[in-house]
Every structure is written in structure tokens, then in C-alpha cells.
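Student: Structure below; questions to follow.
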Amino acid sequence: MNKFECDEAFRQAIGHQQQGRIDEAQVLYEAVLKSDPNNHYCLQLLGVIASQRGNHFYARRLLESSLVHLPADADALANLGQVLFYLGEHEQALQRCEQSLAIHADNPICHLTRGKTLCHLSRYAEGKAALDEVLRLKPDTTEALVYRGFCQHNLGHFELALADYRDALRLRPDHAEALSHQAHALFSLHRLPEAHHSLDAALSVWPDFPEAHFHRGLFLQHENRLDEAEVCYRHALDLNPHYPQALENLAFVLHKLARSDQECVALLDRCLKIKPHAVAALKARASLLVGLRMLDEAMADYDLAAALDPDDARTQVYRAETLLLRRRPAEAIAAFRRAKELGAEGDDLDYALASLGEAPAPNSAPATYVVKLFDWYARHFDDHLQGSLAYRTPALLMAQVAALQPGDQLDIADLGCGTGLCGPLLKPMARQLVGVDLSPNMLEVAKERGLYDELVCSDLMSFLALSVDRFDLVVAADVFVYVGALEAVFRATRQAMRQGGLFSFSFETSEDQDLVLRSSRRYAHAVSYIERLAASHGFEVLRMESSVIRKEAGEDMHGFLTTLRAA
């Protein structure tokens, strides 16, 4: 084929391509390349055809070959940016788009690819600016409206996001992505009936749209319908196995459903392979790895999360807790202090720092700390205590009470009842059995035992203040480790008890101080302190027996099992 024939074939190929006859165009481009293998325009346009056919790997090769011959071709750079976006190579896609726009600044398609790429890199403010430019150049670009709405949503501008989705739907009423994203924005604004209607519309247009199934899972997860949310997330992943948000949320739901931590970690591994800098997924995986005692791996995740989002206070708290488990207290103190600088809640951090000798010890553990601690592992509490901590305090304490033959028609208060470990031991003695705890999740588990006549979510002092002369037996197993100064507790307990009633409790032992806050964030008390409190608040010491209360890091923690009588 001579030069004239090549030029004529190329002209005809462009005509075919513009009219959508890409098969005919491809044949002619390939014929030209046989005579002119370095024709960068043919290479570029064949790359566009390959991309249209979904063969993005081959399209990339053709476009890169084209750029070897003409490196500053703005169109080839823009097309390569688009192909790299489809391949998920977002950093390289962004680089090619910016090279193209530096040569030709008014290419709306290249601005669109750049905006979409910035969205996928979670750079939403920059993405919105790029999409603003698309809509300045070409106002009725539906895809730009949808993606700008997505940026607005992630920047917290839900009403602006809705406006963009509505504009997109005016142009294309059957746009499944716009309908699904509109549903998510409506959900974020708590307009739930409208959200469900929009999502139903998205799925009627595209029944196999992964994102719509993901959004359905989000709605169900919000309603705590976790089994149904799991089904939606799994369906989304069947349709798109490389969907990082679905992997992350499925891991969260499975963890809440008390499934295997290993399975949850595997899902987050897949998520982070696709999106290595997903901070929420890094923190979630780190938390699970801590539970699996894989502390070095957990620390690596927390460190990366902190590097990616250095202003996140909670990451510093998690780092500090993990550093403590790794017996690196100096670094933990520094991380706690950094968390405070970044605005993390003060009482909990002051308490943690106090337990490490870096702040004055408060009179008791902050209620927020106790609630979060026990709400977090309510479902695993019994196994953890009775397994790795070898916790037998309820059985030992109740054996001590039973030996005093208190009777079997008692009104009993189980202070800090937790999941109700004392319930089976107290029920045979009880006329009425009342459990009190700060943790709603613990009380839910205790309720499932069906042993308590009443369960009260309250702190000890508020409950006791309303219970004058009410109880024959008050039990506090492993409670005073979260209460430092016990004067007010003894006074209120005595007022809540009938004459001759029993007050039975455990405490960890301090050798030389009335009370001390240990690095475990548990208080220990001196025997002499307990004896003084008993004498000054109208109690007679009936039993005070030394015992191993539990284990910590494999070592025995010593304390006392004590029963007093209200004199």
C-alpha cells in the first residue's frame, strides 16, 4: 500500500469509526499499519477501539506504542488515562490525564476521567473541582453530574449531592447509578421511604447492579438486620468480587454476628489488596489482629493508618493500647498524649494516663470507659473470663456466702452483674433477684439467661440511692476493681440493706496503699482499708479469704473474697 492508499484507507477508517462501524475501521487501520508500522494515529485509534471492546490491556499496549512515536499527543494521553482508569491503575491514570490537560486544557472527557480517578483515590474536593470543569465545558454531561454528586456526598454535602443526582436523572431517568447514589444520599438525610423507593428503581433498571445491592446492605445494617445485610453484601461481591467497600462492610457485619475473626481478616485482606490505603479497613483489620494476638501485624496496620490520616485521634488511642500489649509503655504514653492533642475524649485518656503514672488517679473508672469496654466484648465475655483469665470468683464467692447459710427467700442485688455469671448461683437463694450494670450489651446477654427478676442499666450509686432498706444480700463480684474510693459505695450499700443482711464482694490486693490504680486500669485495695470501711459503716467482717482472683498475662492476680454482715 503506497502513501496515497494509506492516507485514503486512514480517512475511510475514521469515517467508519465516527459512524460506529468499528469492525470496518479496525480492518483498515490494521491494513495501514502493515505498510506503516509506526503510524501513531492508527495505533492510537486502534487502542480506542480495543478499549471500546473492553480489551483494556491490549488498548494500553497500543496507546503506549503510539506515544513512543508522538509523546506529546494530548488525545493519546487522555485515552491512555481513561484506559488506565478502567484497569484500576488510578495513580498512573491521573498522571496521564494531567499530562494531557497541560497540553490541551479544554478536553471535557479528560477532565471527566481525572475527576472520576480522584474520586476513586478518595480525593473528593479535587475530584469535585475537576467535575466542575467538565460541567463548565459541557453542562449536560450525565456522568459528571453523578460523580460530582458522589464527591459532594463524601464531603458531607448531602443536599448538593441530591441536586446533582436529580439533574442527572432529568437527563437520563433510567440511570441506575444516579438512582442508587440518590438513595444513599436520601438515607444519609434520614429520608428513608424515599431512599428505599429510589433504590428499588435502581434495581428495576439494573437488577445485577453491585452498588445497589451494597446500598441495600447498608440500609439493612443500619436497621440492625445483620443477617439480611450479609446476604446483600455477598450478592454485591458475587457480582463484583473486587468491591472494597462491600468486603469491608461484610467483615464488620460478620464480626457483629460473632463469626470467625479469621474470616473477617481474610475479607479485609482482600479489601486492602484492592485499596491498600483504606484507613477504616486498616483499623478494622488491626483490631481483629489484636484479638488474634498478632500484635506486630496489628501495629503495622495502625502505624500505616496513622501515617495516612495523622489527625485521627482514635487511631492514636488504638496504637497506644496495642503498644501497651506489646509492653512498650513509654511509646503508649506518647500516643495517648498525641490523641489528647487531637481531641480524643479526655476522661478515658486521663484514666489511661493515670494508670501509667502520668496523671492523678480519679476516684473511679470513668463510666464511658466501663461501658465501652464491656459493650465491646459482651458476647465473648464469659469465654474470655472463664478461659484465658481462669476466672472463678462468682463460684468461690457464692460458696463463701452459702457456707453462712443465709436462707433461700432473699431479696438480692447483683451489682455489676455483667452477663449474669452469678445468676445461676444466686437464683436458688432468691425471692427477688435484681441485676445492675452500666453496659446495655452485657445486660442483653444477662437477660437471655432468664434468671433475673429485674435488670437495671445504672451506675451503682444511683441504683443504691433508690434502694433503701431493700436487700438481704448484695453481691459485687469483680466490681471494685473499677471503683477506687469505696467510702460512698459502703455507705450507700449499708443504707440499701436490711439489718443482718450480707454484703459479699471481691477485691484485688494492694500491699502498701489504701488504693492504687494499676497499669491494667484496675484498682487494688488494702485489707486494712476494707476493714476500716466495714467498721465505720456498720458492717461486721464474717469472712475475708485470700484467693487468686484471675490471671493476667499468664500470672496469678491475688485478692480477697469478703463477706460482711450489716450489724
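Student: Could you give the angle, 0 to 90 degrees to the nearest 10, between helix 346-355's Cα long axis and the longest principal axis of the Cα atoms of the chain?
Tutor: 60 degrees
Student: Need one word for the stretch 447-567: rounded, prolate or oblate. Basis is the Cα gyration tensor (sqrt eigenvalues a ≥ b ≥ c); a/c below 1.5 gives rounded, then a/b vs b/c decides.
Tutor: On the way: a/c = 1.76, a/b = 1.28, b/c = 1.37.
It is oblate, given that a/c is not under 1.5 and a/b is not larger than b/c.
Student: Also: Please give the FRET efficiency for His277 paired with Ala125, using the beta carbon to beta carbon distance and R0 = 25 Å, rounded to the nearest 0.05.
Tutor: Values: r = 17 Å, r/R0 = 0.67.
The formula returns an efficiency of 0.90 here.
Student: Please work out the FRET efficiency for the pair Arg293 and Ala74, using the Cβ-Cβ distance as r and a Förster radius of 60 Å; give the result to the nearest 0.05. Display every interim value, and only then the final one.
Tutor: Working: r = 55 Å, r/R0 = 0.92.
That pair, Arg293 with Ala74, gives E of 0.65.
Student: Going 7 Å from the Cα of Leu137 toward and past its Cβ, which residues in the stretch 111-128 have a backbone nitrogen under 16 Å from where you end up?
Tutor: Answer for the stretch 111-128: 111-118, 127-128.
Student: Sticking with this one: Of Ile49, Ile109, which has the most accessible area with a 1.4 Å probe, and how do the rest follow in descending order? Kindly include the intermediate steps, with their values, before the conclusion.
Tutor: On the way: Ile49 0, Ile109 85 Å².
Result, largest first: Ile109, Ile49.
Student: Over the stretch 497-567, what is the relative contact order in whole percent, taking alpha-carbon pairs under 8 Å and six or more residues apart?
Tutor: Numbers: 129 pairs, mean separation 28.4, N = 71.
Relative contact order, the stretch 497-567: 40 percent.
Student: Percent of accessible area on the stretch 3-154 owned by carbon and sulfur, 1.4 Å probe?
Tutor: Working: 3790 of 7410 Å².
That share works out to 51 percent.
Student: Largest first, how would Tyr482, Tyr523 line up by accessible area (1.4 Å probe)? Could you put the intermediate results ahead of the total?
Tutor: Numbers: Tyr482 35, Tyr523 0 Å².
The residues order as Tyr482, Tyr523, largest area first.
Student: Can you show me the helix-derived [θ] at 222 nm for the chain, built from DSSP H runs with n ≥ 4 at -39,500 (n - 2.57) apiece and divided by the number of residues, rounded to the nearest 500. Before the final figure, lay out each step's value.
Tutor: Values: 29 runs with 349 residues, N = 567.
It lands at -19000 deg cm²/dmol.
Student: Leaving ligands and nucleic acids out of the surface, order Met294, Met497 by accessible area at 1.4 Å, largest first. Kindly include the intermediate steps, with their values, before the conclusion.
Tutor: Values: Met294 75, Met497 5 Å².
Result of the area sort, largest leading: Met294, Met497.
Student: To continue, here is another question. Full-extension gain between Arg53 and Ser520, please, as 0.36 nm times their residue separation minus the C-alpha to C-alpha distance. Mind dumping the intermediate values first?
Tutor: Working: separation 467, 0.36 × 467 = 168.12 nm, distance 6.17 nm.
Between Arg53 and Ser520, full extension yields 161.9 nm more.
Student: Subtract the Cα-Cα distance of Asp311 and Gln432 from 0.36 nm times their separation in residues, and report this length gain in nm to one decimal. Before the final figure, lay out each step's value.
Tutor: Numbers: separation 121, 0.36 × 121 = 43.56 nm, distance 5.11 nm.
Between Asp311 and Gln432, full extension yields an extra 38.5 nm.
Student: State, to one decimal in nm, how far the label point of Asn2 lies from the label point of Ser260, with both points 7 Å from Cα in the Cβ direction.
Tutor: Distance between label points: 7.3 nm.
Student: Can you compute the modelled spin-label distance between Leu155 and Met461, with each label point 7 Å from Cα toward Cβ, in nm?
Tutor: The two pseudo-label positions are separated by 4.8 nm.
Student: Express as a percent, rounded to the nearest 5, the fraction of DSSP beta bridges in the chain (both residues included) that run antiparallel. Before the final figure, lay out the partial values.
Tutor: Details: 23 of 43 bridges.
DSSP beta bridges in the chain are roughly 55 percent antiparallel.
Student: Which far-off residues, 5 or more places away or on another chain, put their amide H under 5 Å from the one on Val483, with H placed in the peptide plane?
Tutor: Ala365, Tyr523
Student: Any idea what angle helix 440-449 forms with the longest principal axis of the chain, computed on alpha-carbon atoms, 0 to 90 degrees, nearest 10?
Tutor: Taking the Cα atoms of the chain, the angle to 440-449 is about 70 degrees.
Student: What relative contact order, as a whole-number percentage, does the chain give when Cα pairs under 8 Å and 6 or more residues apart are counted?
Tutor: Values: 949 pairs, mean separation 31.6, N = 567.
In percent, rounded to a whole number, it is 6.
Student: Given a Förster distance of 30 angstrom, what is the FRET efficiency for Ala105 paired with Ser188, based on the Cβ-Cβ distance and rounded to 0.05? Write down the numbers at each step before the final one.
Tutor: Values: r = 34 Å, r/R0 = 1.15.
The pair Ala105/Ser188 has a calculated efficiency of 0.30.
Student: Rounded, prolate or oblate: which fits the stretch 92-173 when a ≥ b ≥ c are the square roots of the eigenvalues of the alpha-carbon gyration tensor, with rounded for a/c under 1.5 and prolate only if a/b beats b/c?
Tutor: Details: a/c = 2.48, a/b = 1.44, b/c = 1.73.
Since a/c reaches 1.5 but b/c is at least a/b, the shape of the stretch 92-173 is classed as oblate.
Student: Just to confirm, what accessible area per residue do you get for the chain at 1.4 Å probe, in whole Å²? Don't jump to the answer; show the numbers that get you there.
Tutor: Working: 26260 Å² over 567 residues.
That works out to 46 Å² for each residue.
Student: What angle do you read, to the nearest 10 degrees and between 0 and 90, between the alpha-carbon axis of helix 527-536 and the longest principal axis of the chain?
Tutor: Between the helix axis and the principal axis of the chain, the angle is about 60 degrees.
Student: Then there is this: What distance in nm separates the two pseudo spin-label positions at Gln12 and Ala334, each 7 Å out from Cα along the beta-carbon direction?
Tutor: Inter-label distance under the simple model: 7.3 nm.
Student: Where a Cα-Cα gap under 24 Å defines reach, which lysines qualify for Lys116, not counting those fewer than 8 residues away within the same chain?
Tutor: The reachable lysines, counting only those whose Cα sits under 24 Å from Lys116, are Lys128, Lys138, Lys273, Lys275.
Student: So, one more: Could you please report the charge total around Ala281, scoring K, R as +1 and D, E as -1 over all other residues with beta-carbon less than 11 angstrom from its beta-carbon? Each step should come with its number before you reach the end.
Tutor: Numbers: positive: Arg270, Lys273, Lys275, Lys283, Arg285; negative: Glu248, Asp269, Asp301.
My count for the surroundings of Ala281 gives +2.
Student: Would you mind classifying the chain by shape? Square roots of the alpha carbon gyration tensor eigenvalues, ordered a ≥ b ≥ c; an a/c under 1.5 is rounded, otherwise it is prolate if a/b is larger than b/c and oblate if not. List each step's numbers first, then the result.
Tutor: Working: a/c = 3.50, a/b = 2.78, b/c = 1.26.
In terms of gyration-tensor shape, prolate.
The values are calculated or read from the model by the stated rules, or taken from the named source; none is laboratory data. On a predicted model such as this, the values are computed, not experimentally measured, just so you know. So basically every Cβ, Gly included, is an ideal-geometry build from the backbone, and we count neighbours across all protein chains shown. In case anyone asks, the SASA skips ligands and DNA or RNA and just uses the protein heavy atoms, side chains included. Shrake-Rupley method; radii C 1.70, N 1.55, O 1.52, S 1.80 Å.
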